[in-house]
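Here is the structure we will look at.
The values are calculated or read from the model by the stated rules, or taken from the named source; none is laboratory data. This is a predicted model, so every value here is computed, not measured. Cβ placement follows ideal geometry from the backbone for every residue including glycine, while neighbour counts extend to all protein chains displayed.
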Amino acid sequence: MPVQTYKTKHGNGEKRGKSAGTAHEHKTKHANGGTRANGRTAGGVSDLPLANWKEYGDILTDSLWILGNRDKSGNHNGAYHGNFVPQIPNQLIRRYTAAGGVVLDGFLGSGTTMIESRRLGRSCIGVELLPEIAKAAKKAAAGELFNAAAKNNIFSEVIIGDSAAKTAAQKTAALLAKHKREFLDLIILHPPYHDIIKFSDNKKDLSNTSTVGDFIRKFGDVVENFSGMLRPKHYLSLVIGDKYSESEWVPLGFRLMEETLRRDKTLSLKSIVVKNMINNRAKRNAENLWRYRALAGGFYVFRHEYIMLFQKRAK
């Protein structure tokens, strides 16, 4: 079976892949009162009619994602070290939400998820610990036009705070109430990969947790804070990579997977996607050095990260 690849070159109105323009047109149409074919949509949570499934050629369905260079259109900016490529939230939002739905990003960073949400006609709540980063994310997202078909029904809100703290959950619930929404429709969590990159000196920053165990426990607090607000049958996604420590591979991805399932018994593991990593900033100019180190040390250089999908069971 051929590996699915995905290249993006999108801004406001530009195509995403071969048939994304068509898919987007159907999505907007059905989100604004059109009849969904046979009432069946992709995954039962999106607004992509299954009757038109052949038109969604750029929607990935394999568990191996070979993504090209990051999308740099509009206000997307790869300068913030640690943000993920926009293609990831683009795929998740389109497949697991309908237009007008609410996306929560528990680690907003530079605002990638919020930008994609605005482009696709979804509301977004983002939680970011660092005030200066939150301010930049809010500015970047505000510079993106709302999807024209849904602009009157969507919102973008940034919470400055610790996503592991109860106050973040309380503020999120208050925002849902403010906008007359009952549930979150998709949760995206892209935490630091423990201490690989130190993002700040803030003691509440997950990249400053002293041990892997502390990192896992604090991430579990984030899951507990928000998973209760997730709409039944909808999805929580975890984007995470592993790390090396003292010459040993530390499987952060699977440790956080186990913690997520332990913290919320209403979640079930639906899929694990392996995504390629290219142009990693730390290795970009040292390919030969890393190859030498791998050969000398008997290990393999990280070229992948995980996208784990958890579905909330129906009540």
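Structure summary
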read-out: Residues (of a type in the set (F, W, Y) and within 24 Å of L252 (Cβ to Cβ)) located in segment 150-194; value: Y193
read-out: Qualifying residue in segment 186-204 (condition: part of a strand (DSSP E or B), on the phi > 0 side of the Ramachandran plot and in contact (Cβ under 8 Å) with a residue 40 or more places away in the chain); value: no
read-out: Any pair with Cβ under 6 angstrom, 6 or more apart, that starts in segment 288-315 at a residue that is within 30 Å of Y96 (Cβ to Cβ) and ends at one that is surrounded by fewer than 13 Cβ atoms within 10 Å (Cβ to Cβ) and modelled with pLDDT of 95 or more; value: Q311/S268; K312/P232; A314/P232; K315/P232
read-out: Tally, over segment 111-150, of residues that are assigned to a helix (DSSP H, G or I) and either at pLDDT 90 or above or closer than 16 Å to N90 by Cβ (or both); value: 19
read-out: Residue check for N153: farther than 27 Å from K233 by Cβ, assigned to a loop (DSSP other than H, G, I, E, B) and in contact (Cβ under 8 Å) with a residue 12 or more places away in the chain; value: no
read-out: Members of segment 82-108 that are of a type in the set (V, I, T) and farther than 30 Å from K166 by Cβ; value: V85
read-out: Sole exception among (1) under 21 Å from L60 (Cα atoms); (2) modelled with pLDDT under 95; (3) among the hydroxyl-bearing types (S, T, Y) for S247, by number; value: (1)
read-out: Positions within segment 163-185 being assigned to a loop (DSSP other than H, G, I, E, B) and under 18 Å from the mean Cα position of the chain (by Cα), in sequence order; value: S163, A164, F183
read-out: Condition check for P89: under 15 Å from the mean Cα position of the chain (by Cα), at pLDDT 90 or above and surrounded by 15 or more Cβ atoms within 10 Å (Cβ to Cβ); value: yes
read-out: Which listed residue is in contact with a helix residue (DSSP H, G or I) (Cβ under 8 Å, 6 or more places away or on another chain) and surrounded by fewer than 19 Cβ atoms within 10 Å (Cβ to Cβ), from D201, D185; value: D201
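Condition check ((1) crowded, with 18+ Cβ neighbours inside 10 Å; (2) out of contact with any Gly (no Cβ under 9 Å at 6 or more places or on another chain)) across all residues:
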position: V127; (1), (2): yes, no
position: E132; (1), (2): no, yes
position: N153; (1), (2): no, no
position: A164; (1), (2): yes, no
position: L176; (1), (2): yes, yes
position: H190; (1), (2): yes, no
position: S210; (1), (2): no, yes
position: K218; (1), (2): yes, yes
position: L230; (1), (2): yes, yes
